Structure formats: structure tokens, C-alpha cells
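Each value in this text was obtained by applying a stated rule to the coordinates, not by laboratory testing. Predicted, not measured: the structure shown is a model, and the values here were computed from it. All Cβ positions, even for glycine, are placed from backbone atoms using ideal geometry, and neighbour counts span all protein chains on display.
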Amino acid sequence: MAVLRPFSEVELDRLATITRRDKELLQQTMTNALARAERAAADADRRAEVEKRKAEDERQRAEQQMRRAEDEKQRAEDEKKRAQEAEAESARLREKLRRLGVDAYD
């Protein structure tokens, strides 16, 4: 059976020194980890803001394209309507000329 002896003053001082150094290292490690976490959070916030701006720009571009497409569709419909009106007017004029005895295709 082993006999336990009390620690000497030197051993207790060494143990206290080791414990103090361990606490200091732990504190430094925690401080460094916190600083890294804060930098990572700031980087993530910046990336999120950039992505948010990109998404907003893309949304605005999509809206502009949609408005341009709607405008183009409206112009095409207006042009078609004008062409139909012109065709109807042409048909009315041909009919008038036909009634007057003039061949409209001469």
C-alpha cells in the first residue's frame, strides 16, 4: 500500500504556477476564439448584405425586363390594331371605289 505524503512547498508553488499558466492560456484561447467568432460574424454580415444587394438588383432588373416586355406587347397590340383599322379603311375605300365603278387594284 502506498503511503501518501504531503506536498512540499516547492511542489505546491510549481502546481500553482502551472495552474496559473493554464488559466492564462485558457483565457487567451477564449479571447482568441471570441475575436475569431466576432470577425466571422462580421464577415457573414457583410456577405449577407452583398447577397441582399445582389438579390435586390436582380429583382429590379427582372421588374424592368417585365415592364419592357409588357410595353413591347402593348406596342405590338397597338400596331396590330392600327393594321386592322388600316385594312378596314382600305376595304371601305375599295368598296366605295367599286360602287363608283373604279377597279381599286389598277
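On the basis of the beta-carbon distance and an R0 of 41 Å, Leu15 and Glu38 show a calculated FRET efficiency of 0.75. Would you mind classifying the chain by shape? Square roots of the alpha carbon gyration tensor eigenvalues, ordered a ≥ b ≥ c; an a/c under 1.5 is rounded, otherwise it is prolate if a/b is larger than b/c and oblate if not. Note, shape of the chain comes out prolate. Classify the range 1-47 from the C-alpha gyration tensor, please: rounded if a/c falls under 1.5, else prolate or oblate depending on whether a/b exceeds b/c. Because a/c hits 1.5 or more and a/b exceeds b/c, the range 1-47 counts as prolate. Helix 9-99 and the longest principal axis of the C-alpha atoms of the chain enclose an angle of approximately 0°.
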